[in-house]
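To keep things clear, I will list the structure first and then write my remarks on it.
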Amino acid sequence: MGMTMTQKILAAHAGLDSVCAGQLILAKLDRVLGNDITSPVAIKEFSKLNKDSVFDKDKVTMVMDHFAPNKDIKAAEQCKMCRDFCGEKQVTHFYDAGKMGIEHALLPEKGLVTAGDVVIGADSHTCTYGALGAFSTGVGSTDMACGMAVGKAWFKVPSAIRFNLTGKLNKYVSGKDVILHIIGKIGVDGALYRSMEFSGEGVSELSMSDRLCISNMAIEAGAKNGIFPVDDITLAYLREHGAAEPAVYAADADAEYDEVIEIDLSAVKPTVSFPHLPENAKTFDEIGDIKIDQVVIGSCTNGRLEDLQIAAEILKGKKCADGVRVIVIPATQQIYLDAMEQGLLKIFIESGAVVSTPTCGPCLGGYMGILAKGERAIATTNRNFVGRMGHPESEVYLASPAVAAASAVTGRISSPEEVMA
């Protein structure tokens, strides 16, 4: 029996000719990632291993992005611990305020992940790098510590679901709508510990931003990872960002999948996930008059330049609705700079929005956009659990940058077509 794309990557990193679903393997790691929340725990565990150095100072990465720039004394202490550790261990890729970005936007931008890599990160959305043809998955801080020490990790080889993509997205429909549609279809545990493997002629119609967004939210369906085939779009992106030489793997023709799900991209509509689970996906023929208090455009899911461009297209020449707080967060310093040079920040500010330095802040209810009791936000983030963005009695609605920007103008959840008509 043939192997899936994920299984081929894992077999190669385990030094095996083949692997099968359910098999336990020890695989070599190409990158180990942590942030300012998860790394301090990993550092404490690392200190118990009696190791003088990390396995490879160029393959460990720490990004200060969740509560950075430091929001309080505890956040400052956490970042200082990471800063001191990386200085002592001579870790090459340490990113602090002024140089950092939201980790899952920063690593692809810096060319730190390439096709065929195996990446673990002490953050659940590490699955983002599957867009680049890598196997990447989130782990706990203890696994991060062991990964930093020995450059290996244990995995149970996942089975897979294949999503066959056909057609082409309509205007104002993006990768965010696709993944919300899929999660609405299969549920938040529909891909539990399985690989979500995307294929089909429709893949070529998706931009890299679309693919990064879709892979990012694979975990919201319970998946071990999400992964896209390596095509000309992937290779061009890797070259542009100076990534290492890719190792290209493709699923065998006789690879075994638990199921195959057909997705016609042309049939996907602007989609909103209602509280308090990403699977509560609705299209605008199901959405009534829902007033909002806050809009967040950013995060590791949708803070890329393409996301800001579409939001600016909708907000240009318009004003954000009275009583609605609109926060725009470019995902990296480079994206911030590019957005500034393209005049996007001017559009946002003139519309009445706030533009923030890169941070994960509001996504996890950290800072820079906390909700009070009874408030509603529409956000381009990836989770809308109870209390995710603040008070347990607040509500978060997940949507694309286009829908979020349109809603900022009207003050209620609105489709882009309504605003741009």
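The values are calculated or read from the model by the stated rules, or taken from the named source; none is laboratory data. Only a predicted model underlies this, so the values are computations on that prediction, with no experimental measurement involved. Here the Cβ is made from the backbone with ideal geometry for all residues, glycine too, and neighbour counts use every protein chain on show. Accessible surface is based on the protein model in full, side chains and every heavy atom, while ligands, DNA and RNA are left aside. Shrake-Rupley method; radii C 1.70, N 1.55, O 1.52, S 1.80 Å.
Full extension from T166 to S124: what is 0.36 nm times the residue separation minus their Cα-Cα distance, to one decimal in nm?
Separation in residues times 0.36 nm, less the Cα-Cα distance, equals 12.3 nm.
Over all pairs of distinct alpha carbons, what does the Kirkwood formula give as the hydrodynamic radius of the range 1-139, in Å?
Numbers: mean 1/r = 0.0631 Å⁻¹.
One decimal place: 15.9 Å for the Kirkwood radius.
Determine the share of the range 81-229's accessible area contributed by carbon and sulfur atoms, expressed in whole percent, with a 1.4 angstrom probe.
Reported share for carbon and sulfur atoms: 49 percent.
Using the alpha-carbon centroid of each, what span in Å lies between the range 351-413 and the range 214-260?
29
Assuming 1.567 mPa s and 4 °C, estimate D for the range 213-354 with Stokes-Einstein, Rh taken as the Kirkwood radius over Cα pairs, in µm²/s.
Details: Rh = 18.5 Å.
Rounded, D is 70 µm²/s.
Sort K269, K99 by accessible area with a 1.4 Å probe, largest first.
The residues order as K99, K269, largest area first.
Out of the range 332-401, which trypsin sites (Lys or Arg not before Pro) are coil in DSSP terms and have no more than 16 other C-beta atoms within 10 Å?
Of the trypsin sites (Lys or Arg not before Pro), the ones in loops of the range 332-401 whose Cβ has at most 16 other Cβ atoms within 10 Å are K373.
Can you give the three extents of the C-alpha atoms in the range 264-320 along their principal axes, from longest to shortest, in whole Å?
The principal-axis extents, from largest down, are 30, 29, 22 Å.
Could you give the accessible area per residue of the chain, probe 1.4 Å, as a whole number in Å²?
Averaged over the residues of the chain, the accessible area is 38 Å².
Identify which of the listed values of Rg and Dmax of the Cα atoms in Å was calculated from the structure shown: (1) 23.1, 79; (2) 50.8, 209; (3) 20.5, 64.
(3)
Could you please state, rounded to a whole Å, how far the C-alpha centre of the range 115-158 is from the C-alpha centre of the range 62-114?
What the calculation gives is 17 Å, centre to centre.
Leaving ligands, DNA and RNA out of it, work out the accessible area of K171 with a 1.4 Å probe and give it in Å² to the nearest 10.
Around 130 Å² of this residue is reachable by solvent.
So what's the net charge close to L238: Lys and Arg +1, Asp and Glu -1, counting the other residues with Cβ under 15 Å from its Cβ? Write out the running numbers ahead of the final one.
Values: positive: R31, K110, R211, R239; negative: D30, E109, D117, D231, D232, E240, E245.
With Lys, Arg at +1 and Asp, Glu at -1, the net is -3.
For labels at D58 and K373 in the simple 7 Å Cα→Cβ model, what's the distance in nm?
It works out to 5.6 nm between the two label points.
Of the listed peptides 350-362, 8-20, what is their order by residue-averaged count of other C-beta atoms within 10 Å, with the highest listed first?
Packing proxy ranking, top to bottom: 350-362, 8-20.
Scan around E259 for amide H atoms under 5 Å from its own, H built in the peptide plane at 1.01 Å from N, and keep only partners 5 or more places away or cross-chain.
R162
As an exercise, take the mean of 1/r over every pair of distinct alpha carbons in the range 80-194, invert it, and state the Kirkwood radius in angstroms.
16.7
With every protein chain left in place, what is the accessible area of I290 in Å² (1.4 Å probe, nearest 10)?
20
What distance in nm lies between label points placed 7 Å from Cα along the C-beta direction at K51 and E77?
2.6
Can you sort M368, M340, M389 by 1.4 Å-probe accessible area, starting with the largest? Walk me through the numbers before you get to the answer.
Values: M368 75, M340 105, M389 0 Å².
Per-residue accessible area, sorted high to low, gives M340, M368, M389.
At 37 °C and 0.692 mPa s, grab the translational diffusion coefficient of the range 57-141 from Stokes-Einstein with a Kirkwood Rh over Cα pairs, rounded to a whole number in µm² per second.
245
Sorted by accessible area with a 1.4 angstrom probe, largest first, how do R211, R194, R239 fall?
Ranked list, largest accessible area first: R239, R194, R211.
Output the DSSP H helices from the chain with an along-axis C-alpha extent of no less than 27 Å and a mean Kyte-Doolittle hydropathy no less than 1.6.
Long hydrophobic helices here: none detected.
Using a simple spin-label model with points 7 Å from Cα along the Cα→Cβ vector, what separation in nm is obtained for D231 and Q309?
1.8
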